[in-house]
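First comes the structure, then the notes that go with it.
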Amino acid sequence: MRWIDTHCHLDAPEFDADRDAVRAQARELGVDLCVLPAVQRADWPRVQALAALHGDAYALGIHPLYVPQAQDDDLLALDHALAQALGDSRLVAVGEIGLDFFVPELCAPEMRERQWHFYIAQLQLARKHGLPVILHVRRSADLLLKGLRQVKVMGGIAHAFNGSAQQAKQFVEQGFALGFGGAMTYERATALRALARTLPAHALVLETDSPDIPPHWLYQTAQARASGAPQGRNTPAELPRIAQGLADVRGQALAELQVQTTLNAIRVLPRLVRGLPLAALA
Ligand SMILES: [Zn+2]
């Protein structure tokens, strides 16, 4: 079975020692395509080069956690980078962009304002270049939706979604799919699992968010970490097992979920289809 990991930070330093081996292992397990969202201007060329090297796809943007160090002219640079990359079929979205009101430093009034400025400006760039967006949603779903009503974009993915059913419905109405990954594999994540069970199949895409959000089988408790066990590193090779977890929660056949999530990913990131081996659609 072939898979798309719609959110994978393969450029992260956690993969510096063995990046090619990590990507090869995922491919052996059927992960044909990873979408690499960039988080800051300095990383754009690297993300582009990695996607080309591994036959993957990428998004260019400024992540909300990187807004404090971002400069105003990074937005101008993004405009230029997107214009230049439009001829590259591996470019599939503007991302990772969004709002984060979980991290305390990002919640100060001036930082909320600054995050909003970068979010709206990047939605405008997505609109200008006819691209979907990959959204980071953390305690920010309602404000993100407000931005999407102000600046109409073609849709995209609300990644690591963990909001309410009502918020999920509104994202879907705006042309978005919701990204499900490791967080949903925890028994105690009852609200998220209920959402994963009840959402219509056309609303779902799969992701690992590697190296973050380890699924439960990689997670080390604070106690284990205190006694020396490193936190498990998430990789795109976990995607098929995460998919099985989602299929189990939904009581759906894995093969059916594979086809549906692949078609969903192509629907919300239409440029993906150009980078996808045909075997992935079979
Ligand atoms: Zn991310």
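Laid out as a table, the results:
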| read-out | value |
| --- | --- |
| Residue list for the range 148-164, filter: away from the ligand (no atom under 16 Å from the Cβ) and β-branched (Val, Ile, Thr) | VAL151, VAL153 |
| Of the criteria (1) in a helix (DSSP H, G or I); (2) open to solvent by less than 60 Å² (accessible area, probe 1.4 Å); (3) within 30 Å of LYS146 (Cβ to Cβ); (4) hydrophobic (A, V, I, L, M, F, W, C), which one LEU76 fails | (2) |
| Only listed residue being away from the ligand (no atom under 16 Å from the Cβ), touching a residue at least 12 places away in the same chain (Cβ under 8 Å) and of a type in the set (Asp, Glu), chosen from ASP88, ASP72 | ASP88 |
| Residues of the range 31-43 classified as under 15 Å from GLY95 (Cβ atoms), over 12 Å from the mean Cα position of the chain (by Cα) and open to solvent by less than 10 Å² (accessible area, probe 1.4 Å), total | 0 |
| Criterion (of a type in the set (S, T, N, Q) and within 16 Å of the ligand (Cβ to nearest atom)) met by exactly one of GLN115, GLN167 | GLN115 |
| Conditions (1) among the small types (Gly, Ala, Ser); (2) closer than 19 Å to ASN264 by Cα; (3) open to solvent by less than 30 Å² (accessible area, probe 1.4 Å); number of the one not met by GLY130 | (3) |
| Residue satisfying condition, being modelled with pLDDT of 95 or more and either among the basic types (Lys, Arg) or open to solvent by 20 Å² or more (accessible area, probe 1.4 Å) (or both), within set ARG197, ARG188, ARG233 | ARG197 |
| Residue within the range 7-30 that is surrounded by 24 or more Cβ atoms within 10 Å (Cβ to Cβ), under 19 Å from LEU131 (Cα atoms) and among the aliphatic types (A, V, I, L, M) present | no |
| Matching residues, the range 156-173, being surrounded by 22 or more Cβ atoms within 10 Å (Cβ to Cβ), in contact with a helix residue (DSSP H, G or I) (Cβ under 8 Å, 6 or more places away or on another chain) and either among the polar types (S, T, N, Q) or in contact (Cβ under 8 Å) with a residue 60 or more places away in the chain (or both) | GLY156, ILE157, ALA160 |
| Among (1) within 16 Å of the ligand (Cβ to nearest atom); (2) of a type in the set (Val, Ile, Thr); (3) out of contact with any strand residue (DSSP E or B) (no Cβ under 8 Å at 6 or more places or on another chain) - the single one THR235 does not satisfy | (3) |
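Residue-wise test of (1) assigned to a strand (DSSP E or B); (2) not hydrophobic (A, V, I, L, M, F, W, C).
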position: MET1; (1), (2): no, no
position: ILE4; (1), (2): yes, no
position: ASP11; (1), (2): no, yes
position: ASP20; (1), (2): no, yes
position: ARG23; (1), (2): no, yes
position: ARG27; (1), (2): no, yes
position: LEU33; (1), (2): yes, no
position: LEU36; (1), (2): yes, no
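The values are calculated or read from the model by the stated rules, or taken from the named source; none is laboratory data. These figures come from a predicted structure and were not determined experimentally. Glycine gets a Cβ as well: all are built from the backbone with ideal geometry, and neighbour counts include every protein chain shown. Accessible surface areas use protein heavy atoms only, side chains included; no ligands, DNA or RNA. Shrake-Rupley method; radii C 1.70, N 1.55, O 1.52, S 1.80 Å.
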